[in-house]
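Chemist: Below you will find the structure I want to go over with you.
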Amino acid sequence: MLIDTHAHLDSPKFDDDREETIRRAREAGIDIIVNIGFNRETIPTTMELAERYPFIYAAVGWHPTDAEDMRLEEDLAWIERLCAHPKVVAIGEIGLDYHWDTPREIQHTVFREQIRLARRLGKPIVIHNRDAHEDVVRLLREQKAEEVGGIMHCFSGSWETAKLCLDMNFDISFGGPVTFKNARVPKEVLARVPDDRLLIETDCPYLAPHPHRGKRNEPAYVALVAQEAAEIRGISIQDLADLTSANARKRLAIP
């Protein structure tokens, strides 16, 4: 049984076949799916999925590219209320994204405040990091994020960055890009992450693994990520499934 630690099943890309997509995931051996609500539109739809399906859990937070739209005090209070829900297992995805033009200072403020909220609530955090490795690590350290730790979602950094994150109590999660033939650095990092700190995900509908690259991703495809990870680490896919599922349950306090 596998756990997809990062999905967006509420995306409009699944509007025509969401039920079938979820059924395919279950048939592919996906035991748990963690859906991510990351702004004013997707937090309610994520909560609806978590309340409808016993095997879907939720993370709620504010994405850095939506930071300008956040009503800081009001929306932080909303996230805090939702964190009392038994199906909400993390605050996320939060972090920094320097690929787009969202003002960096606003991103930093929203990121800091959500780390502070997570520490106050004792919730792990799910980190989005795009082209911002240095500042993500700096702000996590500054805000003592190691007190709650969490998940480095769809990790794309170097082993040096991964070591810094591991030292701050973060697990390293890999998605579809690690299956790409030219993904030399992610494969090298995946091979070195300790057994008890490794996670897998899809980030569906984005970043579909080979051989579906460029098409819509879905939770069933986390099995392809697991297969690649098992080959890289030289273990059976069953052992890979066992260790990543145990890690996810521990990190997110999933029964």
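Chemist: Arranged by the count of other C-beta atoms within 10 angstrom, fewest first, what order do His63, His133 take?
Modeler: His133, His63
Chemist: Can I ask one more? Using the C-alpha atoms of the chain, what convex hull volume per residue, in cubic angstrom, is computed?
Modeler: Cα convex hull per residue, to the nearest whole number: 114 Å³.
Chemist: When the helices in the chain are scored as -39500 (n - 2.57) per DSSP H run of 4 or longer and the sum is shared across all residues, what 222 nm value do you end up with, to the nearest 500 deg cm²/dmol? Numbers along the way, then the final one.
Modeler: Details: 9 runs with 106 residues, N = 255.
Roughly -13000 deg cm²/dmol at 222 nm, from the helical runs in the chain.
Chemist: Taking a 18 Å limit on the Cα-Cα distance, which of the listed pairs Lys144/Lys187; Lys123/Lys250; Lys87/Lys215; Lys87/Lys123; Lys13/Lys181 fall beyond it?
Modeler: Working: Lys144/Lys187 29 Å; Lys123/Lys250 12 Å; Lys87/Lys215 30 Å; Lys87/Lys123 12 Å; Lys13/Lys181 26 Å.
Checking Cα-Cα distances, Lys144/Lys187; Lys87/Lys215; Lys13/Lys181 exceed 18 Å.
Chemist: Got a sec? How would Lys123, Lys181, Lys87, Lys163 order by Cβ neighbour count within 10 Å, fewest to most?
Modeler: Lowest count first: Lys181, Lys163, Lys87, Lys123.
Chemist: Tell me whether region 38-120 comes out rounded, prolate or oblate; compute the Cα gyration tensor, take square roots of the eigenvalues as a ≥ b ≥ c, and use a/c under 1.5 as the rounded threshold. If you can, show how the numbers build up before the last one.
Modeler: On the way: a/c = 2.20, a/b = 1.70, b/c = 1.30.
Prolate, because a/c is 1.5 or more and a/b exceeds b/c.
Chemist: Please identify which residues in region 138-173 have an amide N closer than 11 Å to a label point set 7 Å out from the Cα of Glu80, following the Cα→Cβ vector.
Modeler: Within reach of a label on Glu80: no residues.
Chemist: Still on this structure: I'd like the distance separating the alpha-carbon centroids of region 63-131 and region 194-255, in whole Å.
Modeler: Region 63-131 and region 194-255 have Cα centres separated by 24 Å.
Chemist: Here is a follow-up. Whole-Hz ³J(HN,Hα) for each residue in region 86-94, computed from phi via Karplus 6.51 cos²θ - 1.76 cosθ + 1.60 with θ = phi - 60°, x for glycine and proline: what do you get?
Modeler: x, 8, 8, 10, 6, 9, x, 8, 10
Chemist: To the nearest 20 Debye, how big is the dipole of the chain about its Cα centre, given +1 on the beta carbon of each Lys and Arg and -1 on that of each Asp and Glu?
Modeler: Charge dipole, the chain, about its Cα centre: 540 debye, nearest 20.
Chemist: Could you list Glu146, Glu27, Glu51 so that the one with the fewest beta carbons within 10 Å of its beta carbon is first and the one with the most is last?
Modeler: Glu27, Glu51, Glu146
Chemist: Answer with one residue from Leu207, Trp159, Gly234: the one whose Cα lies farthest towards the positive end of the charge dipole of region 147-255, charges on Cβ with Lys, Arg +1 and Asp, Glu -1.
Modeler: Leu207
Chemist: Which residue fluctuates most in the GNM of the chain (Cα springs below 10 Å): Ala90, Ala118, Ala183?
Modeler: Ala183
Chemist: Would you kindly state how much longer the chain becomes between Ile106 and Glu146 on full extension, computed as 0.36 nm times their sequence separation minus their alpha carbon distance, in nm to one decimal?
Modeler: 12.1 nm
Each reported figure results from applying straightforward, stated rules to the coordinates on display, with no laboratory input. All values derive from a computational prediction rather than experimental measurement. Backbone-built Cβ (ideal geometry, glycine too); neighbour counts: all protein chains shown.
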